[in-house]
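Working notes, beginning with the structure itself.
Values in this text are rule-based calculations from the coordinates and carry no lab data. Bear in mind the structure is a predicted one, so any value in this text is a computation, not a measurement. Please note: Cβ atoms are built from the backbone with ideal geometry, for glycine as well, and neighbour counts cover all protein chains shown.
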Amino acid sequence: MIEANDLTKDYGNVTAVNRVSFSVAEGELFGLLGPNGSGKTTMIRMLTGQVRPTSGSARVMGLDAAKDPIGVRGLVGIIPEQETPPSFLTAEEYLRFVASIRNLDSVDERCDRWFDLLEFGDKKDVLCKDLSRGTRQKLMFAQAFLHEPELALIDEPLINLDPIMQRTVKDFLQEYVRDGGTVFFSTHILEIAEEICDRIGIIHNGRLLHAGRVEDLVGSDRHLEPFFLDLVKGDAGA
Ligand SMILES: Nc1ncnc2c1ncn2[C@@H]1O[C@H](COP(=O)(O)OP(=O)(O)OP(=O)(O)O)[C@@H](O)[C@H]1O
């Protein structure tokens, strides 16, 4: 579903992502982990065609993300980092707006499914500017999955969600990949990755230091946190 080859992004003299290659297969839940400023958001933006790589390339669902960004965004579901939905629309109006752009049918059913799953139907007539941050994040989740995409790319999925809603979202993501969907998400919360990911990548200073299966770490009695800290601190000292 995703093939990144030598992806690089320079912002002036800052190399945000440095020659990163990896792939994500259909049905995988892949977590990109890294400290603040390590390049996670830039990576997601390149995969979704929002940022053009300086060099290298990414194929997403068979399309070149830099050459056909609109094609990619038409297929995948995206939750950008800390995105807020339009202030002047209600939650339901926003979902209907997304549904109309995507030419979706059964709009009532689709909206209700998300209001029910994420328990915010009581807020559907509230203007987005008046929603709490957590409810806005629920709404961003709903818009990303409204068209039942085969691939979702999510920057920090559980941000602003309470523990109960985090459980709901984690269960949903695991069910979604069990049903054949693919998820690529970024986080710096290691426990989430250890709990739900099939594979992880660890990025630091723009370089991918590790990519592998979570069960290989845990199976060999190495937990993610000490592994991550050793890797990242060792790299900083190198
Ligand atoms: N538009 C931009 N212009 C200049 N520098 C940028 C831009 N976007 C990101 N950077 C820089 O690129 C590097 C990687 O940033 P990025 O936002 O991708 O990291 P991140 O891992 O998502 O961070 P965080 O976990 O804090 O959200 C940082 O040094 C950042 O300051």
Open item on the list: For the pair LEU229/GLU81, report the inter-label distance in nm, with labels modelled 7 Å from Cα in the Cβ direction.
Closed with: 2.4 nm
Task: Amide hydrogen neighbours beyond the local backbone of LYS9, cut-off 5 Å, H modeled - done: ALA16, VAL17, ASN18, ARG19, THR54
TODO: Give the long-range amide H neighbours of THR90: residues separated by 5 or more places, or on another chain, with amide H under 5 Å away, using H modelled in the peptide plane at 1.01 Å from N.
DONE: CYS128
Open item on the list: Modelling each spin label as a point 7 Å along the Cα-to-Cβ direction, I'd like the GLN166/ILE70 distance in nm, to one decimal.
Closed with: 4.0 nm
TODO: Give, in whole angstrom and from largest to smallest, the semi-axes √(5λ) of the equivalent ellipsoid of region 84-148, with λ running over the eigenvalues of the Cα gyration tensor.
DONE: 17, 12, 10
- [ ] Just rank CYS197, CYS128, fewest to most, by other beta-carbon atoms within 10 angstrom.
- [x] CYS128, CYS197
- [ ] Apply the Karplus parameterisation 6.51 cos²θ - 1.76 cosθ + 1.60, with θ equal to phi minus 60°, to every residue of region 80-87 and state each ³J(HN,Hα) to the nearest whole Hz, in sequence, with x for glycine and proline.
- [x] x, 5, 6, 7, 10, x, x, 4
Task: Alpha carbon centroid spacing (whole Å) that separates region 23-38 from region 179-205 - done: 5 Å
- [ ] Take every Cα-Cα pair in region 1-105 and report what % of them are more than 25 Å apart.
- [x] 28 percent
- [ ] Take every Cα-Cα distance within region 43-115, group them into 5 Å bins from 0 onward, and report for each bin the whole-number percent of pairs it holds.
- [x] 3, 15, 21, 18, 17, 14, 9, 3, 1
Open item on the list: Cross-link candidates for LYS123: which aspartates and glutamates have Cα within less than 20 Å, leaving aside residues fewer than 8 places away along the same chain?
Closed with: GLU83, GLU92, GLU93, ASP108, GLU109, ASP112, ASP162
Task: Whole-Hz couplings from phi, Karplus 6.51/-1.76/1.60, listed for region 132-145; x for Gly and Pro - done: 5, 4, x, 5, 4, 5, 4, 5, 5, 4, 4, 5, 5, 9
- [ ] Could you tally the net charge around PRO86, taking each other residue with its Cβ under 14 Å from the Cβ of PRO86, Lys/Arg +1 and Asp/Glu -1?
- [x] -1
- [ ] Give me the angle, in degrees from 0 to 90, between the Cα long axis of helix 163-178 and the longest principal axis of the Cα atoms of the chain, rounded to the nearest 10.
- [x] 80 degrees
Open item on the list: Regarding the chain, what's the average projected area of the Cα-atom convex hull, expressed in nm²?
Closed with: 13.2 nm²
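Using a cut-off of 13 Å between beta-carbons, work out the net charge of the residues near ARG96 (Lys and Arg +1, Asp and Glu -1, ARG96 not included).
Working: positive: ARG102, ARG110, LYS124; negative: GLU92, GLU93, ASP105, ASP108, GLU109, ASP112, ASP125.
Once all neighbours under 13 Å are counted, the net charge is -4.
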- [ ] Calculate one ³J(HN,Hα) per residue across region 3-14 by plugging θ = phi - 60° into the Karplus curve 6.51 cos²θ - 1.76 cosθ + 1.60, and present them in order as whole Hz with x for glycine and proline.
- [x] 10, 9, 10, 6, 4, 9, 9, 9, 10, x, 9, 9
